[in-house]
Amino acid sequence: MAELNVITSMLDDLSKEQPISTAVCIGQDLTQYNTNHSIQWHYFNVNEFINLPFNMRYDLGFVLLDTPEMENISEIVQSQLLVKLRDLMAKRIVVVCKLKDEHLMRALGFTQLIDKQTHDRDFALWQFNILTYKHVPDWFNSKFWANPENWNKFRW
């Protein structure tokens with residue numbers, strides 16, 4: 001289970017990067033951690049969230065896969081939950097899970113926030129941010145494409 005100081009410091013860091021006004025949490029009710037932040041939290045259990053129709057996009061999705069509620073859920077349901085959250089419901093996602101879930105997280109395009117070698121616990125922290133998901137390659141700009149100023153200068 002996530003500790004109060006870890007969650008609040010993480011929320012501080014995330015708020016500095018992008019403003020967070022709405023958030024959804026799955027796996028643990030995090031509305032109690034709204035002490036210093038003006039975040040409007042919405043808590044759902046897994047079944048409620050999977051059946052939830054799309055009516056709003058949240059700034060942050062926070063999923064705790066290492067809670068007792070989430071231990072009995074299959075990897076298929078976890079994948080459905082994360083894909084719905086990633087594709088429809090949240091701009092940014094933070095997932096707290098166990099080390100054994102690394103394959104699932106990488107397969108869904110998540111990046112690891114905490115290196116598993118830096119601690120001795122069965123704990124991993126992953127994120128998905130659509131703004132940093134795909135880095136723009138260096139060749140994908142007008143410098144390397146058909147520039148009118150270079151038409152009579154170089155032979156292609």
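Worth a mention:
- The slack in the chain from N47 to T8, taken as 0.36 nm per residue of separation less the alpha-carbon distance, amounts to 11.4 nm.
- Applied to the stretch 129-137, the Karplus parametrisation 6.51 cos²θ - 1.76 cosθ + 1.60 on θ = phi - 60° returns per-residue 3J(HN,Hα) values of 10, 4, 6, 10, 5, 10, 6, 6, x Hz, with x for Gly and Pro.
- Computed from phi, the 3J(HN,Hα) profile of the stretch 44-59 under the Karplus parametrisation 6.51, -1.76, 1.60 (θ = phi - 60°) reads 9, 7, 4, 5, 4, 5, 5, 8, 6, x, 6, 9, 7, 9, 8, 6 Hz, with x in place of Gly and Pro.
- With a simple spin-label model that places each label point 7 Å from the Cα along the Cα-to-Cβ direction, the separation between F54 and D87 comes to 0.8 nm.
- Annotation note: chymotrypsin sites (Phe, Trp or Tyr not before Pro) in the stretch 54-105 located in DSSP loop regions with a Cβ neighbour count of at most 15 within 10 Å are F54.
Bear in mind that the values in this text are calculations on the coordinates, not laboratory data. Because the structure is a prediction, the values reported are computed rather than measured. A quick note on method: Cβ atoms are made from the backbone with ideal geometry, for glycine too, and the neighbour counts reach across all protein chains shown.
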